[in-house]
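Student: First the structure, which I've put down as structure tokens, then a few questions once you've had a look.
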Protein chains: 2
Amino acid sequence: MDSKTLSKYEARAVIIKAMAHPTRLFIVDQLAKKERSVNELTEMVGDDVSTISKHLAVLRNAGIVRDERRGAQVFYSLKVPCILNFFGCVEQVLRTTADEHLQVIKIR
Amino acid sequence: MDSKTLSKYEARAVIIKAMAHPTRLFIVDQLAKKERSVNELTEMVGDDVSTISKHLAVLRNAGIVRDERRGAQVFYSLKVPCILNFFGCVEQVLRTTADEHLQVIKIR
DNA sequence: TCCTTGTTTGGTCATTTTGCCAAATTGCCA
DNA sequence: TGGCAATTTGGCAAAATGACCAAACAAGGA
């Protein structure tokens, strides 16, 4: 792979890596429903605030979410809704895998 | 987040993590066109064979690709084509981000 | 059976990622 | 300005990831 091709895939990988964490997936799922403050998200997840803040920074730097300060609070919202299409396909992969396990059981 | 909800997002994260690497993205892109042997993919990427083999194992364990041995060679192919939809959205995120940088330049 | 080609596995090391705490920052209001 | 609540940043230790080499495995042909 030449370096130009590589950098194309590196740029893509940054976006996908930003989604590649259970907590960040949960956050994206919540933000798909409505915007949330850091504090709200922190309570929903149950980790330290600083941890959530860093997860949000990852999503923000990747361009997936947007932040807006209103008074003392910072509200995050989903910037690119098509991200949700990911989930549909991910579910399909999970279903396919599950089906195969059932097949194995059946054949036995 | 309760442990049941967590495990749901952990399962999803396994799939997405499997895609979160430039080399693995390249491989998926190639397999979308046609099946390939480990050796062919190795030559296209230019890393050590063992490295490619391990990347393929990650994709296989995630349920994204399928392997089939024919003689001495093992051919990999894409099992879940909807994975390609990822790319469209990823490009959109990249475009959005690029546009914002342009805005910043314009405003200056 | 031995050899050769193609692939996977085990081991090691460097790098990156995570999550917590403590400290710094921001904005509002008395 | 001082104080308070919300958020971010710096720093650190533990865990996960990625890449290479060497060794083990698998399949087919001489």
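Student: Hey, what do the phi angles of the stretch B:36-47 turn into as Karplus ³J(HN,Hα) couplings, whole Hz, using 6.51/-1.76/1.60 and θ = phi - 60°, x for Gly and Pro?
Tutor: Values, residue by residue: 8, 7, 4, 5, 4, 4, 4, 5, 5, 7, x, 8 Hz.
Student: Also, I was wondering about something else. What nm distances, shortest first, do you get from the label point of residue B:70 to those in the other copies when the point sits 7 angstrom along Cα to Cβ?
Tutor: 5.9
Student: How well do other chains shield peptide A:73-86, expressed as the mean number of their Cβ atoms within 10 Å of each residue Cβ?
Tutor: On the way: counts 0, 0, 0, 0, 0, 0, 3, 7, 2, 8, 5, 1, 5, 10.
The mean count of partner-chain Cβ atoms within 10 Å per residue comes to 3.
Student: Counting Lys +1, Arg +1, Asp -1, Glu -1, what net charge surrounds residue A:53 among other residues with beta carbon under 14 Å of its beta carbon?
Tutor: Neighbour charge sum, excluding residue A:53 itself: 0.
Student: Now, a different point. Which whole-Hz couplings ³J(HN,Hα) result when phi for each residue of the stretch B:17-22 is put into the Karplus expression 6.51 cos²θ - 1.76 cosθ + 1.60, θ = phi - 60°, listed in order with x for Gly and Pro?
Tutor: Rounded to whole hertz, the list is 4, 4, 8, 7, 8, x.
Student: Can you pull out the trypsin sites (Lys or Arg not before Pro) in the stretch B:7-36 that DSSP calls coil and that have at most 11 other Cβ atoms within 10 Å?
Tutor: Here the sparse-neighbourhood loop sites are B:34.
Student: Explain nothing, just compute: Karplus ³J(HN,Hα) = 6.51 cos²θ - 1.76 cosθ + 1.60, θ = phi - 60°, for every residue of the stretch B:23-28 in order, whole Hz, x for Gly and Pro.
Tutor: After applying 6.51 cos²θ - 1.76 cosθ + 1.60, I find 4, 5, 5, 4, 4, 4 Hz.
Student: What's the average, rounded to a whole number, of partner chain beta-carbon atoms within 10 Å of each residue's beta-carbon in A:24-36?
Tutor: Taking all residues of A:24-36 together, the mean is 2.
Student: Using alpha carbons only, how many degrees (0 to 90, rounded to 10) separate the axis of helix B:85-107 from the longest principal axis of chain B?
Tutor: Helix B:85-107 sits roughly 30 degrees off the main axis of chain B.
Student: If you draw the axis that swings chain B onto chain A, which residue of B has its Cβ closest to it, and how far is that in whole Å?
Tutor: B:20, 2
Student: Under 5 Å between amide H atoms, partner at least 5 residues away or on a different chain: which partners does residue B:75 have, H built in plane at 1.01 Å?
Tutor: Counting only residues 5 or more places away or on other chains, the set is B:68, B:69, B:70.
Student: Find the accessible area per residue for the stretch A:3-80; the probe is 1.4 Å, ligands and nucleic acids are left out, and the unit is Å².
Tutor: That works out to 49 Å² for each residue.
Student: Here is a further query. Compute a Gaussian network model of chain A, connecting alpha carbons closer than 10 Å, and tell me which residue from A:61, A:39, A:85 fluctuates the most.
Tutor: Per the Cα network of chain A with a 10 Å cutoff, A:85 tops the list.
Student: Now a separate question. So how much accessible surface do A and B hide from each other in total, probe 1.4 Å, in square angstrom to the nearest 100? Let's see the in-between values first.
Tutor: Numbers: alone 7640 and 7640 Å², together 11830 Å².
Protein heavy atoms only, the A-B interface buries about 3400 Å².
Student: Something else about it: On the protein heavy atoms, probe 1.4 angstrom, tell me the percent of accessible surface of chain A carried by carbon and sulfur.
Tutor: On chain A, the fraction of accessible area on carbon and sulfur atoms equals 51 percent.
Student: Considering only Cα-Cα distances, which of the following residue pairs are longer than 28 Å: A:54/B:17; A:79/B:34; A:34/B:33?
Tutor: Exceeds cut-off: A:79/B:34; A:34/B:33.
The values are calculated or read from the model by the stated rules, or taken from the named source; none is laboratory data. As the structure is a prediction and not an experimental result, all values here were calculated from the model. Cβ sites come from the backbone with ideal geometry, for glycine too, and all protein chains shown count toward neighbours. For accessibility, only protein heavy atoms count, side chains too; no ligands or nucleic acids. Shrake-Rupley method; radii C 1.70, N 1.55, O 1.52, S 1.80 Å.
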